Structure formats: structure tokens, C-alpha cells
Amino acid sequence: MIEIEYIVKDSKGVERLRTTEKKEADAYDRILDNAERLAELLRSDQVLPTLPETDLEELTIYLARNARDIERILKGKPVERETSGSTGESDKVTPIKTTG
């Protein structure tokens, strides 16, 4: 049997996710790309300049994973939560925990 494994790495080459699902790998890759763009924006505008890099990374990944809810909030609409406790498609992706 052949099994294909997808490995998603961040821009620094750190492995963030391993999966056999291409759709899951692509979704998490988009999350990391968007998080990096958010971090660049926050850094360039000097928002939270003393926030440690790891905390900024965690914050921007959270924002990117919850983009639909954030967009609704910015449009003045309430956030719609599923009753099962899931917050959407992004909950299906389990990133690899990094240290440091």
C-alpha cells in the first residue's frame, strides 16, 4: 500500500503539520501564510512592539484560523458558533506543537 504524507513547514523551515490529507495540508499552509502577513502588518505598524515573537506568532495564527469569525465581527455581525463545540473547518487541523 502506498501512503502519501504531506509536511507543512513555516517560512523558517520548522515543521508545523504532518498529514495524509492534501486538503488539510493546503488549509494549514494558507493559515500560516496569512498569519505571516498579519505579523508583518503588526510589526510594520509597531502594534504591540514589546510582544515576544512566539506570542505574536500564536496570536496571528489564531487570527488566521478564525478569519471568518473576525470578518463577521468587523462587519458588525455576531459570531455564529456551532453547538457541537467546533468553531469551523480550521478546528480539523491539528498543528505540530513547537518548542522555543
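The values are calculated or read from the model by the stated rules, or taken from the named source; none is laboratory data. Since the structure is predicted, the reported quantities are computational estimates derived from the model, not experimental observations. Please note: Cβ atoms are built from the backbone with ideal geometry, for glycine as well, and neighbour counts cover all protein chains shown.
Below, the figures for the structure above:
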item	result
Residue identified as of a type in the set (K, R), modelled with pLDDT under 95 and exposed (fewer than 11 other Cβ atoms within 10 Å of the Cβ) among K92, K97	K97
Residue check for L59: surrounded by 13 or more Cβ atoms within 10 Å (Cβ to Cβ), part of a strand (DSSP E or B) and either among the polar types (S, T, N, Q) or at pLDDT 95 or above (or both)	no
Residue check for I4: modelled with pLDDT of 95 or more, of a type in the set (A, V, I, L, M) and surrounded by fewer than 10 Cβ atoms within 10 Å (Cβ to Cβ)	yes
Positions within the stretch 1-45 being of a type in the set (A, V, I, L, M, F, W, C), closer than 15 Å to E57 by Cβ and not in a loop (DSSP other than H, G, I, E, B), in sequence order	V8, L17, I31, L32, A35, L38, A39, L41, L42
